[in-house]
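Below is one structure, written out as structure tokens; comments come after it.
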Amino acid sequence: MEELKEKTADLVDHLEDIADTYYRLTIINVTQKATNIASTVVVAVMLCGLAMFVLMFLGVALGVWLGDLVQSRSLGFLLAAGVYLLGLLIILAMRKSIIYPFIRNFIVRKVYD
């Protein structure tokens, strides 16, 4: 009878160790995924910021160039704004078929990576 009590106590100790190990492993996995997602978001924000500056300077250059072509700086900048407006309308028209699935798949890949 005493031997059965010792085996039961050992079994309970082992189960506690297994539960503690599983808990710690879960915490490590969650931390790793959160860190992966956070680092991806930071890099994406930095890239978006740089892309914004590139687009801004390209827009200014396009406006000046078009202004020289049509002999009116203000009309050149208006035409450049029209190009950006056309791009915005194309993106808005394609957002459900291309943009949303791309973003959704990217997020799912990062979560399960």
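Derivation of every value follows stated rules applied to the coordinates shown; laboratory data play no part. Given the structure is predicted, the values throughout are model-derived calculations rather than measurements. As a convention, Cβ positions derive from the backbone with ideal geometry for all residues, glycine included, and neighbour counts pool all protein chains shown.
Structure data summary
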quantity	calculated
Gain upon complete extension [Lys96, Ala9; 0.36 nm per residue less C-alpha separation]	25.4 nm
Degrees separating the helix 73-94 axis from the principal Cα axis of the chain, which is the longest one	40
Tilt relative to the chain, helix 100-112 - C-alpha long axis, 0 to 90 degrees, to 10	30
Within the range 97-113: backbone nitrogen closer than 18 Å to the Leu47 label point (7 Å, Cα to C-beta)	98-113
Theoretical gain in end-to-end length, Leu85 to Thr35 [0.36 nm per residue, Cα-Cα removed]	14.3 nm
Lysines with Cα under 26 Å of Lys110, excluding same-chain neighbours fewer than 8 positions away	Lys33, Lys96
Stokes-Einstein translational diffusion, the chain - Kirkwood Rh over all Cα pairs, 0.890 mPa s, 25 °C, in µm²/s	125
